[in-house]
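To start, the structure under review is shown below, and the notes come after it.
The values are calculated or read from the model by the stated rules, or taken from the named source; none is laboratory data. Remember, it's a predicted structure, so these values are computed and weren't measured experimentally. Backbone-built Cβ (ideal geometry, glycine too); neighbour counts: all protein chains shown.
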Amino acid sequence: MIRAFYRSAKVDGAPAPYDTLTLKVYYPALFGDTPQERNTGTIPADTTHAPFPVIIFFPGVNVDIASYAWLAIELAKHNNVVVLFSWIAEDFPGSVSLTPGMDLNFIKPDTYGTGPSANALPAILDEMQRLNQSGLLAGLLDLNRIFLGGHSAGGTMALLNTNRAWFPQVQGAFTYGAHSGASTMLGFPPATVLPLHDCPLLIMGGTRDGVIESSSHRYALDGKGTPTLLLERTFHEGAKKDSALVIFEGANHFLAAYPHDDTTGRGFLEQASAESEADVRRLMIELVSTFIQKKKLDEFKNNPLIARFELK
């Protein structure tokens, strides 16, 4: 049984009313059918495989976290605690959105690398400390094994913030439909790919990613943008040892968000998926679980659903 509960956390320095995160924490549970469980709906954790690694997942811009529930549930089945979060904020003046949390002050040519740009992360880490001290998951979290995950812009936040000088408990990151390309609107030269940190990465994407392909003008790629070019460059130029690049054949940008709500976000830029999305999502879970367990990913290199597979 997988269960979840809610928490909230304040973000230091964020202006009201945009200063509060809503967290949903998924965990393996063990139903005892007690009167208290029946009355409250609160089910104790299954401690068989505790302490649990913690996965903090960053959503795409204006993608509701309900679209990532499938991923959180499946990863919790693999004996992880998974944190999804919602944050409504004004990342750009006049633009209020559901955000993964982006401190643009640290994503500029003269400031990148000088401090964390994922301004939700410290608040979430603090809340994990509190959860490990009291309550349903007290003593059950391995806070030295934290992994970042993310989709789209949320994946970029995961990639840019795996700096163990800032967050020593972070052991790696996995992403889908995300890269470290730097927008010229922030002052970067054309076709810039930001350097990454010395932490293992699993960079995933699809050959039919219409959102990344349609956004290539942001990086002044002069019409040379493809659904996978920036992911490939992120892996080749930024990723360090024990990292992997996996491109799924026929998969699109919102494969990781299921079901996807087309009333927000930029789904209108999307291409239709050419492969069975359910099969690719199952493969994605196996890849991420193997990565988190720090096992070798070689077994996946000949999978017919994978168009490109590279290891460092």
| task | For residue 47, indicate whether it is polar (S, T, N, Q), farther than 26 Å from residue 281 by Cα and either touching a strand residue (DSSP E or B) at 6+ places or on another chain (Cβ under 7 Å) or surrounded by 19 or more Cβ atoms within 10 Å (Cβ to Cβ) (or both). | result | no
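Yes/no per residue for (1) farther than 14 Å from residue 245 by Cβ; (2) in a loop (DSSP other than H, G, I, E, B); (3) at pLDDT below 95:
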site	(1), (2), (3)
261	yes, yes, yes
264	yes, yes, yes
268	yes, no, yes
272	yes, yes, yes
275	yes, yes, yes
282	yes, no, no
289	yes, no, no
294	yes, yes, yes
309	no, no, no
| message | Out of the residues in region 50-108 meeting the condition of being farther than 21 Å from residue 11 by Cβ and out of contact with any Phe, Trp or Tyr (no Cβ under 9 Å at 6 or more places or on another chain), tell me which one is surrounded by the fewest Cβ atoms within 10 Å (Cβ to Cβ). | response | 77
| Which of the residues spanning region 262-276 are among the charged types (D, E, K, R) and buried (at least 18 other Cβ atoms within 10 Å of the Cβ)? | 266, 270, 275
| request: Those residues that are among the hydrophobic types (A, V, I, L, M, F, W, C), surrounded by fewer than 20 Cβ atoms within 10 Å (Cβ to Cβ) and either on the phi > 0 side of the Ramachandran plot or touching a strand residue (DSSP E or B) at 6+ places or on another chain (Cβ under 6 Å) (or both), I need them from region 19-44; list them, please. | output: 29
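Residues to consider are 236, 179; find the one that is of a type outside the set (Phe, Trp, Tyr), out of contact with any strand residue (DSSP E or B) (no Cβ under 6 Å at 6 or more places or on another chain), crowded, with 23+ Cβ neighbours inside 10 Å and at pLDDT 95 or above.
On inspection, the qualifying residue turns out to be 179.
I'd like to check something: does region 13-33 contain any residue that is among the small types (Gly, Ala, Ser) and either part of a helix (DSSP H, G or I) or touching a Lys or Arg at 6+ places or on another chain (Cβ under 6 Å) (or both)? Before the answer, list the steps.
Here is the first cut: in region 13-33, the residues among the small types (Gly, Ala, Ser) are 13-14, 16, 29, 32.
Within this subset, residues satisfying the condition of being either part of a helix (DSSP H, G or I) or touching a Lys or Arg at 6+ places or on another chain (Cβ under 6 Å) (or both) are 29.
Within region 13-33 (the criterion being among the small types (Gly, Ala, Ser) and either part of a helix (DSSP H, G or I) or touching a Lys or Arg at 6+ places or on another chain (Cβ under 6 Å) (or both)), the answer is yes, since at least one residue qualifies.
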| query | Taking into account only those residues within region 1-14 that are more than 16 Å from residue 52 (Cβ to Cβ) and free of Cβ contacts under 8 Å to residues at least 60 places away in the same chain, which is surrounded by the most Cβ atoms within 10 Å (Cβ to Cβ)? | reply | 8
| request: Would you check if residue 60 is within 27 Å of residue 143 (Cα to Cα), small (Gly, Ala, Ser), assigned to a loop (DSSP other than H, G, I, E, B) and modelled with pLDDT under 95? | output: no
| Looking at (1) crowded, with 18+ Cβ neighbours inside 10 Å; (2) of a type outside the set (D, E, K, R); (3) free of Cβ contacts under 8 Å to residues at least 40 places away in the same chain; (4) in a strand (DSSP E or B), can you tell me which one residue 150 breaks? | (3)
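Condition first: touching a Pro at 6+ places or on another chain (Cβ under 9 Å) and more than 20 Å from residue 154 (Cβ to Cβ). Now tell me which residues in region 114-141 satisfy that. Reasoning before the result, please.
Looking only at region 114-141, we keep the residues that are touching a Pro at 6+ places or on another chain (Cβ under 9 Å), and these are 116, 118, 120, 122, 132, 136, 139-141.
Matches in region 114-141: 132, 136, 139, 140, 141.
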| task | With respect to residue 247, determine if the residue is farther than 20 Å from residue 57 by Cβ, of a type in the set (A, V, I, L, M) and outside any loop (DSSP other than H, G, I, E, B). | result | yes
| said: Go through region 87-141 and report how many residues are hydrophobic (A, V, I, L, M, F, W, C) and in a loop (DSSP other than H, G, I, E, B). | reply: 9
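When you scan region 188-198, do you find a residue that is part of a loop (DSSP other than H, G, I, E, B), among the β-branched types (Val, Ile, Thr) and farther than 23 Å from residue 271 by Cβ, even just one?
Yes - at least one qualifying residue is present in region 188-198.
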| task | Scan region 228-253 for residues that are without any contact (Cβ under 8 Å) to a residue 60 or more places away in the chain and under 22 Å from residue 75 (Cα atoms) and jot them down. | result | 248, 251, 252
